[in-house]
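Enquirer: Below you'll find the structure I mean.
The values are calculated or read from the model by the stated rules, or taken from the named source; none is laboratory data. Being a predicted model, the structure only gives us computed values, none of them experimental. Here the Cβ is made from the backbone with ideal geometry for all residues, glycine too, and neighbour counts use every protein chain on show.
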């Protein structure tokens, strides 16, 4: 493939008029994009803008409906990931393409060509690890590793194939700030060695940190190719979203009143094989405030959520006190009757029944009075309720009362959060409110949560998105390995302090950063 | 030959078909495909092997016909679950019902026929050692083959590149596809291997164990092989242990019934099943952590293209 000398000045890779059609939907519409040797090129866009489709086409996972790909000036057709790799492309996937039960070395070996075996992988792994500072233990099973370590496996796997172009799809979404910085250093170094990088993200700050050129996608089209350092974050966001994104208003007076939620010395053993134990959690949420819980995924967030919602009751009643009532051993519905509302992380299958209509889905948390009587469903009342949620929370539906699975992720999230907020709960606990939701919907959801708090409810937001927590929270704590740091007013936190807590090293450093 | 020797020898004969069928299913399941049609493929293997062996008066042709029948049944299953991404549970159950019915039809003309026993492989000198001599060194070829097969399957899965590919595909077919691993091709061959093994197990039943054909003679052994794979946590070594525990319990309960302990015979018949569950549960507890099924087991693979 690389025998001939490339025509001088030709970009490493050039996409011309790439289109991909799924039925009526044009996921990619005539996209042009070029990447120079050694360049770190950003691909920016909201969820659903067509970024993932485009890179899957480039990597040969899906085939384009139209368009041409040129590699070093020559037209090529990339029919499969194997051909892509032979050409010199490497890809680090957003949702890791790893095999949980296999070891690190096995995970790497399985993606490499036949001349590699486990022992050559092991020795080369050591070499690459020390060159790029990507520490990995070859014999650990992947399911025991952190997200940062998993990503390192993917990167090492690509590097072992000496890629000319490395594609990273939202690489920092699961990393702590420190891990992200570490990744950026590695990428800078690769770029200096002449490897091109296509960096996909919706986080403007890191794009400005890394890239000199960024291609912005909106609704499947290229809207601009810019120098991200020459534009403000606001201008770039406007290009991505199409209209100016307002910021969440949090400036309303913040007068927290009585305590609505008290968690006292809550400990729980892990629920299953891959679960996380909760260790001596203490937490108070008062009426009128938003309490944020930060942390890297898998540190006990879902376990904490399950304990608070009653999905997994605690062993003593006073571990969780809701509205003055010891409710640690109550089930979900009993807690709802105390005025609490819960929105779990997984919208489809946990917060909503996929094949049920929206009106039927209102029954999941509104079973009490307004939508059923003596065990019978009040069909019209349920439909009216669904309609009012759809209207108040700007849920875009394909038809009047569709099945939950027919909604896009962002719209369904607006629905399930709206379904709880419309009840005006005294307490709402939300796990990852805007995970995988586009910027417009995310802003609406955050605003609704803040407004609910300002109207006198207690709001607890569990999130991996630090920007989100800094935007909405009045007080924040960090969860790490099932332990919760003390709650501090948001003004007392810095990103560095949060990062250290996420890594569990704050204590070792005397905790001085946060105080 | 002492009574102990006789009992031990029958245990080996009872365990071997379970071991062979379970190994085949283990490979299929490790690739992420659940084939509930083992019982049907085994029945077809038994009927076709017996029919061919009687017709051509050749055990070798019989065995080949049994394996071919199992493979063809598996190919039909592969067409459904790979070609049409059909529900694997439904397709597997259908395969069992089809196999049981079709084997009855094929075997009907051969009811009442008998085959001579197969001469065991007699390894000189070693087989003269008292008790263990005959047990270890004077078995039929299939017994040795099944042990070798266990070792080969273990080595293949854990020590070869192709085995690693197969395990990866079973663990997460979406990732495997994104890495460019040939999901369909590997699963196709894994399903065929499972079919060939089930057919061979059926052939062993008809040609060595009973030496006659009767409809429904597999008597649930295919289901037991399936259960063994689960209880053995998808590990070939444990399948071997499980198969022999089950085989031993089957034979011993017969002797217990003959000895008339005053325990209901129905209860004694249940002993093998209870013993298998208990022993393999203990194994799995001792191993420390429960071992999950392959991540993509039973999930149809439909790539987005």
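Enquirer: Looking at B:237, B:202, B:195, which is the one that is touching a helix residue (DSSP H, G or I) at 6+ places or on another chain (Cβ under 9 Å), away from chain A (no Cβ under 13 Å), crowded, with 24+ Cβ neighbours inside 10 Å and farther than 22 Å from residue B:299 by Cβ? Show your work before the answer.
Expert: Details: B:237 fails: crowded, with 24+ Cβ neighbours inside 10 Å; B:195 fails: farther than 22 Å from residue B:299 by Cβ.
Criteria check complete, one pass: B:202.
Enquirer: Within region A:100-107, is there a residue that is within 30 Å of residue A:11 (Cα to Cα) and either touching a helix residue (DSSP H, G or I) at 6+ places or on another chain (Cβ under 9 Å) or outside the structural domain of residue A:27 (by TED's automatic domain parsing) (or both)? Steps first, answer last, please.
Expert: Start the filter on region A:100-107 by keeping residues that are within 30 Å of residue A:11 (Cα to Cα), which leaves none.
For region A:100-107, residues within 30 Å of residue A:11 (Cα to Cα) and either touching a helix residue (DSSP H, G or I) at 6+ places or on another chain (Cβ under 9 Å) or outside the structural domain of residue A:27 (by TED's automatic domain parsing) (or both): absent.
Enquirer: Tell me which residues, restricted to region A:428-445, are in a helix (DSSP H, G or I) and either buried (at least 23 other Cβ atoms within 10 Å of the Cβ) or modelled with pLDDT of 95 or more (or both).
Expert: The initial filter retains those residues of region A:428-445 that are in a helix (DSSP H, G or I), namely A:439-445.
Once the filter is applied, which keeps residues that are in a helix (DSSP H, G or I) and either buried (at least 23 other Cβ atoms within 10 Å of the Cβ) or modelled with pLDDT of 95 or more (or both), region A:428-445 yields A:441, A:442, A:445.
Enquirer: Another question, then. Return the residue satisfying two criteria in turn: it lies in region A:134-151 and is touching a helix residue (DSSP H, G or I) at 6+ places or on another chain (Cβ under 7 Å) and surrounded by fewer than 16 Cβ atoms within 10 Å (Cβ to Cβ), and of such residues it is farthest from residue B:165 (Cα to Cα).
Expert: If we take residues in region A:134-151 being touching a helix residue (DSSP H, G or I) at 6+ places or on another chain (Cβ under 7 Å) and surrounded by fewer than 16 Cβ atoms within 10 Å (Cβ to Cβ), then A:135 is farthest from residue B:165 (Cα to Cα).
Enquirer: Determine which member of the set A:112, A:125, A:89 is crowded, with 21+ Cβ neighbours inside 10 Å, closer than 14 Å to residue A:159 by Cα and over 27 Å from the mean Cα position of the chain (by Cα). Walk me through it before giving the result.
Expert: Values: A:112 fails: crowded, with 21+ Cβ neighbours inside 10 Å; A:89 fails: over 27 Å from the mean Cα position of the chain (by Cα).
Matching residue, one of A:112, A:125, A:89: A:125.
Enquirer: Kindly provide the set of residues from region A:70-86 that are on the phi < 0 side of the Ramachandran plot and either surrounded by fewer than 20 Cβ atoms within 10 Å (Cβ to Cβ) or not assigned by TED's automatic domain parsing to the domain that holds residue A:173 (or both), ordered by number. Can you show your working first?
Expert: Narrowing region A:70-86 to residues on the phi < 0 side of the Ramachandran plot: A:70-71, A:74-86.
Correct list: A:70, A:74, A:75, A:76, A:77, A:79, A:80, A:82, A:83, A:86.
Enquirer: Could we say that residue A:43 is within 27 Å of the chain's Cα centre (by Cα), crowded, with 20+ Cβ neighbours inside 10 Å, assigned to a strand (DSSP E or B) and more than 13 Å from chain B (Cβ to nearest Cβ) here?
Expert: Working: within 27 Å of the chain's Cα centre (by Cα): yes; crowded, with 20+ Cβ neighbours inside 10 Å: yes; assigned to a strand (DSSP E or B): yes; more than 13 Å from chain B (Cβ to nearest Cβ): yes.
When the stated conditions are applied, residue A:43 passes them.
Enquirer: Would you confirm, using the coordinates I've provided, whether residue A:275 is within 14 Å of another protein chain (Cβ to nearest Cβ), modelled with pLDDT under 85 and either within 20 Å of the chain's Cα centre (by Cα) or in a strand (DSSP E or B) (or both)? Steps first, answer last, please.
Expert: Working: within 14 Å of another protein chain (Cβ to nearest Cβ): yes; modelled with pLDDT under 85: yes; either within 20 Å of the chain's Cα centre (by Cα) or in a strand (DSSP E or B) (or both): yes.
Considered against the rule, which asks whether it is within 14 Å of another protein chain (Cβ to nearest Cβ), modelled with pLDDT under 85 and either within 20 Å of the chain's Cα centre (by Cα) or in a strand (DSSP E or B) (or both), residue A:275 comes out as yes.
Enquirer: Right, another one. Among the numbered conditions (1) modelled with pLDDT of 95 or more; (2) surrounded by fewer than 16 Cβ atoms within 10 Å (Cβ to Cβ); (3) away from chain A (no Cβ under 14 Å), tell me where residue B:76 comes up short.
Expert: Here residue B:76 clears every test but (2).
Enquirer: Going through region A:315-355 one residue at a time, which ones are closer than 21 Å to residue A:302 by Cβ and part of a strand (DSSP E or B)?
Expert: Matches in region A:315-355: A:320, A:322, A:340, A:341, A:342, A:343, A:348, A:352.
One line per residue, one yes/no per condition, for (1) closer than 18 Å to residue B:52 by Cα; (2) modelled with pLDDT of 90 or more; (3) not in a helix (DSSP H, G or I):
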{"site": "B:108", "(1), (2), (3)": "yes, yes, no"}
{"site": "B:120", "(1), (2), (3)": "no, no, yes"}
{"site": "B:127", "(1), (2), (3)": "no, no, no"}
{"site": "B:130", "(1), (2), (3)": "no, no, yes"}
{"site": "B:135", "(1), (2), (3)": "no, no, no"}
{"site": "B:139", "(1), (2), (3)": "no, no, yes"}
{"site": "B:144", "(1), (2), (3)": "no, yes, no"}
{"site": "B:148", "(1), (2), (3)": "no, yes, no"}
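Enquirer: Suppose we filter B:212, B:246 for residues that are modelled with pLDDT of 80 or more and under 30 Å from residue B:163 (Cβ atoms); which single one remains?
Expert: On the way: B:212 fails: under 30 Å from residue B:163 (Cβ atoms).
It is B:246.
Enquirer: What about residue A:128, is it touching a helix residue (DSSP H, G or I) at 6+ places or on another chain (Cβ under 8 Å), within 27 Å of residue B:160 (Cβ to Cβ) and more than 10 Å from chain B (Cβ to nearest Cβ)?
Expert: Numbers: touching a helix residue (DSSP H, G or I) at 6+ places or on another chain (Cβ under 8 Å): yes; within 27 Å of residue B:160 (Cβ to Cβ): yes; more than 10 Å from chain B (Cβ to nearest Cβ): yes.
Here the answer is yes, as residue A:128 does meet what is asked.
Enquirer: Looking for whichever is at pLDDT below 85, closer than 30 Å to residue A:114 by Cα and part of a loop (DSSP other than H, G, I, E, B) here; the options are A:171, A:163. Which one fits?
Expert: Working: A:163 fails: at pLDDT below 85.
Selected residue: A:171, the only one of A:171, A:163 that is at pLDDT below 85, closer than 30 Å to residue A:114 by Cα and part of a loop (DSSP other than H, G, I, E, B).
Enquirer: Right, another one. Being modelled with pLDDT under 85, within 13 Å of chain B (Cβ to nearest Cβ) and in contact with a strand residue (DSSP E or B) (Cβ under 7 Å, 6 or more places away or on another chain) narrows it down to one of A:65, A:113, A:97, A:52, so name that one. I'd like the intermediate steps shown before the answer.
Expert: Numbers: A:65 fails: modelled with pLDDT under 85; A:113 fails: in contact with a strand residue (DSSP E or B) (Cβ under 7 Å, 6 or more places away or on another chain); A:97 fails: in contact with a strand residue (DSSP E or B) (Cβ under 7 Å, 6 or more places away or on another chain).
Just one listed residue meets the conditions, A:52.
Enquirer: Where residues in region B:160-169 are farther than 20 Å from residue B:82 by Cα and at the interface with another protein chain (Cβ under 9 Å from one of its Cβ atoms), which of them is modelled with the highest pLDDT? Spell out how you get there, then give the answer.
Expert: Just the residues of region B:160-169 that are farther than 20 Å from residue B:82 by Cα, to begin with: B:160-161, B:164.
Next, from what is left, pick out any that are at the interface with another protein chain (Cβ under 9 Å from one of its Cβ atoms): B:161, B:164.
On the way: B:161: 89, B:164: 92.
If we take residues in region B:160-169 being farther than 20 Å from residue B:82 by Cα and at the interface with another protein chain (Cβ under 9 Å from one of its Cβ atoms), then B:164 is modelled with the highest pLDDT.
Enquirer: Still on this structure: Which one of these does residue A:142 not meet: (1) over 25 Å from the mean Cα position of the chain (by Cα); (2) more than 23 Å from residue A:89 (Cα to Cα)?
Expert: For residue A:142, the exception is condition (1).
Enquirer: Sticking with this one: Checking residue A:460 against (1) assigned to a helix (DSSP H, G or I); (2) modelled with pLDDT of 90 or more, only one condition comes out false. Which one?
Expert: Going through (1) assigned to a helix (DSSP H, G or I); (2) modelled with pLDDT of 90 or more one by one, residue A:460 breaks only (1).
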